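Below is one structure; the comments refer to it alone.
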Amino acid sequence: MNASGLMSRLKNGLWFENPGLVQLLGLCPLLAVTSTFVNGLGLGIATLLVLLMSNTLVSATRRWILSEIRIPIYVLIIASLVTCIELIFEAFFPDLDRSLGIFIPLIVTNCAIVARAELFASRNAIGPSIIDGLAMGTGFALLLMAIGAFRELVGSGTLFSGIDMLIGGEATRGLVITDGGWLLAILPPGAFFSLALAIAAKNAIDRRQRKKSRDAMPRRPRALTK
Amino acid sequence: MSGRPVMRGGITLAAIAAICTAMVALTFRLTEERIIANEQAWLERSLEPALSGLFYDSGVTESKIVVPPPHELPGSEAAIIYRVYAEDSPVAALFVVTARNGYAGPIRVLIGVDVAGTVTGVHVLEHRETPGLGDRVETAKSDWVVQFDGRSLVDPEMPGWAIKRDGGQFDQLTGASVTPRAIINAIRDTLVYFESQGEGIFAIPVATESDEGGNE
């Protein structure tokens, strides 16, 4: 794979085919856990690790897998990986694990992961599949973090509360910016509003980019009609 | 000749299942010890907020007794009592009880009471109250529960054990009065139970593991 192929894989995962923003996959955890930045980061890391490893394993075994039984095999691989990740979280980040609760085991049902196994890893060599897993996982994690930060800031007036669950130390409310906030943001409807705003923002940025590149094109000399 | 692909598929599936199982088993082996240690540490740590300012012997969780329903403590589920000692004489008792009539289901509360019947600390362990409103009973979100420290059945006298809106002595939470009411009632009922049992609580032998239930 050449450098431009790598760049385009990365760009696809992070932006043009972002699992959350564009493909709208894995919305259940995305909407449910993003009430704080740290929760978003935690689930983002877990999903990234699972996606990376499932892409690797699916790509490595793709020669031996009959297409008739590929889906059960993907499910098997993904479910085992998620179980391992959950055990590791429980052992090393017990508070974060408690705070994410059922959403770690539920990564199994995140269709973004099966989608990458089916659409990419099963058809590509290990190298590109690892890059794809990394790019898609990072894209998803960044979105979770962005929505988490936004909802926490608007809804509770804090940022990075509970960061101790990841890096250790005293329990903290994080940076307290205002005391209390606009409650709606941390309730379920706030999750939908935040995602809608994020998608709208992405579309607006894309449109501006397109317009800019159109404007930047050299203009044809005007025909002299006068 | 459809037998062969089926056979091959079966073998592949079995092989991958075996590899995946081995992977999970290995991870489990490597993390097991840490996970058990974490749970124990979490339990010990979750009891601490109810014992602020007290000196006590370590190993509080070893003195656990489970009180199966029916009992006179709040809630219809099994309640848990930890006895706290300092140099082998009783100092306080910790109650894990269920406050009923929360806004969204039962609330699991940890209440510490010293031998004189004074509250040593209150800590909400588990709840489903509305984020931003009722959830301010959590120690991490606000210090609402601190107002109970040092209170007892004589401070205030019985009608005072209610929120101010109901003519009592305790602060409510803006936008939430159901949750505070439930917790205040649970504390009051626990104090009444403690008073009725007296020193007897410290004489009960430690529970056997078999009748454990309703915890966490």
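Any read-out appearing in this document is the output of simple, stated calculations on the displayed coordinates, not a laboratory observation. Everything numeric here is computed off the predicted structure, so don't read it as measured data. Quick reminder, even Gly has a Cβ in these numbers, built from the backbone with ideal geometry, and neighbours come from all protein chains shown.
Taking the longest Cα principal axis of chain B as reference, the axis of helix B:178-197 is set at about 70 degrees. Give me the net charge of A:Val33's neighbourhood, meaning all other residues with Cβ under 13 Å from the Cβ of A:Val33; Lys, Arg count +1, Asp, Glu -1. That sum, taken over residues with Cβ under 13 Å, equals 0. Averaged over peptide A:52-62, the number of partner chain Cβ atoms lying within 10 Å of each residue's Cβ comes to 1.
Put simply, the amide H of A:Gly20, placed in the peptide plane, has neighbours under 5 Å in A:Leu25, leaving out anything fewer than 5 places away on its chain. Within straight-line reach of A:Lys11, meaning a Cα separation under 25 Å, sit the following lysines at least 8 residues removed in sequence or on another chain: A:Lys202, A:Lys211, A:Lys212.
Convex hull volume of the Cα atoms in the stretch B:48-203, per residue, in Å³?
Once divided by residue count, the hull of the stretch B:48-203 is 103 Å³.
Here the protein assembly as shown is treated as a sphere whose radius is the Kirkwood value from Cα pairs; by Stokes-Einstein at 20 °C and 1.002 mPa s it diffuses with a coefficient of 84 µm²/s. Between the stretch A:1-68 and the stretch B:36-59, the alpha-carbon centres lie 40 Å apart.
Averaged over peptide B:137-146, the number of partner chain Cβ atoms lying within 10 Å of each residue's Cβ comes to 1.
Each helix, a run of at least 4 DSSP H residues, gives -39500 (n - 2.57); summed and divided by the residues of chain A, these come to -21000 deg cm²/dmol at 222 nm.
Across peptide A:69-79, the mean count of Cβ atoms from other chains lying within 10 Å of each residue's own Cβ comes to 3.
Ranked by how many other Cβ atoms sit within 10 Å of their own Cβ, fewest first, the residues B:Arg45, A:Arg151 fall in the order B:Arg45, A:Arg151. Packing-based ranking of B:7-14, A:41-48 yields A:41-48, B:7-14, ordered from highest to lowest mean Cβ neighbour count within 10 Å. Protection proxy ranking for B:117-128, B:50-61, using the average of other Cβ atoms within 10 Å per residue and placing the highest first: B:117-128, B:50-61. Note on chain B: helix-only mean residue ellipticity at 222 nm, from DSSP H runs of 4+ residues weighted -39500 (n - 2.57) and normalised by residue number, equals -11000 deg cm²/dmol. In this structure the amide hydrogen of B:Val67, modeled in the peptide plane, comes within under 5 Å of the amide hydrogens of B:Ala79, B:Ile80, B:Ile81, none closer than 5 places in sequence on its chain. Working note: Debye formula, equal point scatterers on the alpha-carbon atoms of the stretch A:129-176, no solvent; log10 I(q)/I(0) at q = 0.31 Å⁻¹ is -1.01. Helices that extend 24 Å or more along their long axis by alpha-carbon positions and average at least 1.0 on the Kyte-Doolittle scale are, among the DSSP H runs of chain A, A:37-60, A:70-92, A:126-156.
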